[in-house]
1. Residue check: is residue 119 at pLDDT 95 or above, open to solvent by less than 60 Å² (accessible area, probe 1.4 Å), of a type outside the set (Ser, Thr, Tyr) and out of contact with any helix residue (DSSP H, G or I) (no Cβ under 8 Å at 6 or more places or on another chain)?
2. For the stretch 191-210, give me the residue count where each residue is away from ligand 2 (no atom under 13 Å from the Cβ) and within 28 Å of residue 127 (Cβ to Cβ).
3. If I ask for residues that are among the charged types (D, E, K, R), away from ligand 1 (no atom under 11 Å from the Cβ) and touching a helix residue (DSSP H, G or I) at 6+ places or on another chain (Cβ under 8 Å), which ones from the stretch 122-168 would you list?
4. Here is a list of conditions, (1) within 16 Å of ligand 2 (Cβ to nearest atom); (2) farther than 20 Å from residue 182 by Cα; (3) of a type in the set (D, E, K, R); (4) at pLDDT 95 or above, and residue 143 meets all of them except one; can you say which number that is?
5. Would you pick out the residues in the stretch 91-104 that are open to solvent by 30 Å² or more (accessible area, probe 1.4 Å) and either more than 16 Å from ligand 1 (Cβ to nearest atom) or under 14 Å from the mean Cα position of the chain (by Cα) (or both)?
6. Among all residue pairs at least 6 apart or on different chains, which show Cβ distances below 7 Å where the first residue, located in the stretch 40-60, is under 14 Å from residue 128 (Cβ atoms) and the second is of a type in the set (Lys, Arg)?
7. Going through the stretch 14-70 one residue at a time, which ones are open to solvent by less than 50 Å² (accessible area, probe 1.4 Å) and charged (D, E, K, R)?
8. Kindly list the number of the only condition in (1) within 12 Å of ligand 1 (Cβ to nearest atom); (2) farther than 16 Å from residue 103 by Cα; (3) open to solvent by less than 30 Å² (accessible area, probe 1.4 Å) that fails for residue 193.
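The values are calculated or read from the model by the stated rules, or taken from the named source; none is laboratory data. Owing to the predicted nature of the structure, the values given are computational and were not obtained by experimental measurement. FYI the Cβ positions are ideal-geometry reconstructions off the backbone, even for glycines, and counts take in every protein chain you see. These accessible areas exclude ligands, DNA and RNA; they are computed on the full protein's heavy atoms, side chains included. Shrake-Rupley method; radii C 1.70, N 1.55, O 1.52, S 1.80 Å.
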Amino acid sequence: MSDNVIILDHPLLKHKVSRLRDKNTGTNEFRSLIEEIAMLMGYEALRDLPIEDIEVQTPIESCHTPVISGKKLAIVPILRAGLGMVGGILALVPSAKVGHIGMYRDEETHEPHEYYCKLPDAIDERTIVVVDPMLATGGSAADAVSLIKAKGGRHIKFMSIIAAPEGVKKFTEAHPDVDLYIAQVDRCLNENAYICPGLGDAGDRIFGTK
Ligand code: PRP
Ligand code: URA
């Protein structure tokens, strides 16, 4: 596996992903789990955020102590399912800006189609975390990152909860400069380009549609 793929191997993540997979996990619990997993993954994915020392007066004395520096983080969910992960990262970085990229997969060809894109300003100066729980063929993720790069984004990370090997390959070949954080790599894609064993349709399970 390529150097820029980071598989987050924590028992809490593994446990929560197993709960997501269960078809008997209802919408309410599913949403909470997606958010909790995003927060746990975000904690790791953001460990290289830039910091700078500021001076703070404690009740005892003055000291120099680190805070996050630079332009505020940008979180960019891929609609719809990526929306479920935003709250988990905002819990860690409440000041983050949020952009949106709308993509849907053609049901026949499984090719991604973009229908919306709105990113925070000064995107070239921000660390950008793109989120989507599912990396199946990798088409949506690869195209979303290409779009962000075309709009000036430079410091990009991608977080996906479950990935198929086919998607990891496609993404890392398209974007060898982007770190890809994954909680679980599954076996393969089926004939409908769904991840096996996966968790089904993430958007439908988060929003209770279908
Ligand atoms: C799902 C998922 C990803 C995409 C992954 O979205 O949330 O965006 O499929 O598939 P890929 O790696 O093969 O491109 P979907 O297109 O079903 O849209 P939705 O979130 O609006 O349901
Ligand atoms: N999108 C999903 O929501 N699930 C899959 O398994 C593949 C794409």
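1. For residue 119, the condition - at pLDDT 95 or above, open to solvent by less than 60 Å² (accessible area, probe 1.4 Å), of a type outside the set (Ser, Thr, Tyr) and out of contact with any helix residue (DSSP H, G or I) (no Cβ under 8 Å at 6 or more places or on another chain) - is not met.
2. Number of matching residues: 0.
3. 151, 154, 157
4. The single condition residue 143 does not satisfy is (2).
5. Hits for the stretch 91-104 are 91, 92, 94, 95, 97, 98, 100.
6. Pairs found: 45/157.
7. 16
8. If we test residue 193 against (1) within 12 Å of ligand 1 (Cβ to nearest atom); (2) farther than 16 Å from residue 103 by Cα; (3) open to solvent by less than 30 Å² (accessible area, probe 1.4 Å), just (2) comes out false.
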